[in-house]
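Trainee: Take this structure, written in structure tokens, and hold onto it; I'll ask about it next.
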Amino acid sequence: MDKDELVGWLVGRLPDDWFTAAPDVRVDRDEILVVGPIAAPELAKDASDVTKAAALSSRVEAFREETREARMEIAEAAQQRFRRTVSWGVSVAGEEHLFTTLGAPVMTRLRQPERQTLDTLVAAGVAHSRSEALAWCVKLVGEHASEWIDGLRTALGEVEKRRGEGPRLN
């Protein structure tokens, strides 16, 4: 699957009035995540933090409800074409709000020290299960090593680009 083709196809299908700029399209082996920027609600300059939070939440809810049917149609067509689940979200006022996203099972084999770490997190109430504890650990690594991981993704993108420029075998 060519990501440029996927992004072009999606952007071509999206109504022009949904987002204030081009959406961010993220793709992995299982899911296509489309996150588009929407306009923040206009409020008085002296609006309280509670008012601002309620207005942002309401704007996200309204977008989600008003676009649900069309998003489902686009997602169904994309899923047939690209063989991945399509998920949606919006960004507004610097915050990202994801709608229902795919929770993909991941199989792994862990040695006793790693299992003990997960079990400690469960026993301490940080997580309800080993699975949730592992997801928490992965999220924490992603937050604290994001610059390094971004560098890896950039390097992998260059590898994909070079592969695409190479000779084709039929």
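Trainee: Quick test for you: out of Ala62, Ala47, Ala40, Ala53, pick the one residue that is touching a residue at least 12 places away in the same chain (Cβ under 8 Å) and not assigned by TED's automatic domain parsing to the domain that holds Glu132.
Mentor: Within the list Ala62, Ala47, Ala40, Ala53, the selection yields Ala40.
Trainee: Just one of the numbered conditions (1) farther than 18 Å from Asp24 by Cα; (2) basic (Lys, Arg); (3) touching an Asp or Glu at 6+ places or on another chain (Cβ under 7 Å) is not true of Arg84; which one?
Mentor: So the condition that Arg84 fails would be (1).
Trainee: Of all residues in the stretch 3-19, which are surrounded by 13 or more Cβ atoms within 10 Å (Cβ to Cβ) and outside any helix (DSSP H, G or I)?
Mentor: Leu14, Trp18, Phe19
Trainee: What do you reckon, is Glu143 over 30 Å from Ile38 (Cα atoms), part of a helix (DSSP H, G or I) and of a type outside the set (Gly, Ala, Ser)?
Mentor: On the way: over 30 Å from Ile38 (Cα atoms): no; part of a helix (DSSP H, G or I): yes; of a type outside the set (Gly, Ala, Ser): yes.
Here the answer is no, as Glu143 does not meet what is asked.
Trainee: Right, another one. In the stretch 142-164, is there at least one residue being more than 21 Å from Asp2 (Cβ to Cβ) and surrounded by 14 or more Cβ atoms within 10 Å (Cβ to Cβ)?
Mentor: Within the stretch 142-164, none of the residues are more than 21 Å from Asp2 (Cβ to Cβ) and surrounded by 14 or more Cβ atoms within 10 Å (Cβ to Cβ).
Trainee: Filter the stretch 20-62 down to the residues that are of a type in the set (Gly, Ala, Ser) and surrounded by 15 or more Cβ atoms within 10 Å (Cβ to Cβ), then identify the one that is nearest to Glu73 (Cα to Cα).
Mentor: Initially, the stretch 20-62 is screened for residues of a type in the set (Gly, Ala, Ser), giving 21-22, 36, 39-40, 44, 47-48, 53-55, 57-58, 62.
Filter once more, keeping what is surrounded by 15 or more Cβ atoms within 10 Å (Cβ to Cβ): 36, 40, 55.
Working: Gly36: 17, Ala40: 26, Ala55: 28 Å.
In this case the residue turns out to be Gly36.
The values are calculated or read from the model by the stated rules, or taken from the named source; none is laboratory data. The shown structure was predicted, so the numbers you read here are calculated from the model rather than taken from an experiment. We place every Cβ from the backbone using ideal geometry, glycine too, and count neighbours over all the protein chains shown.
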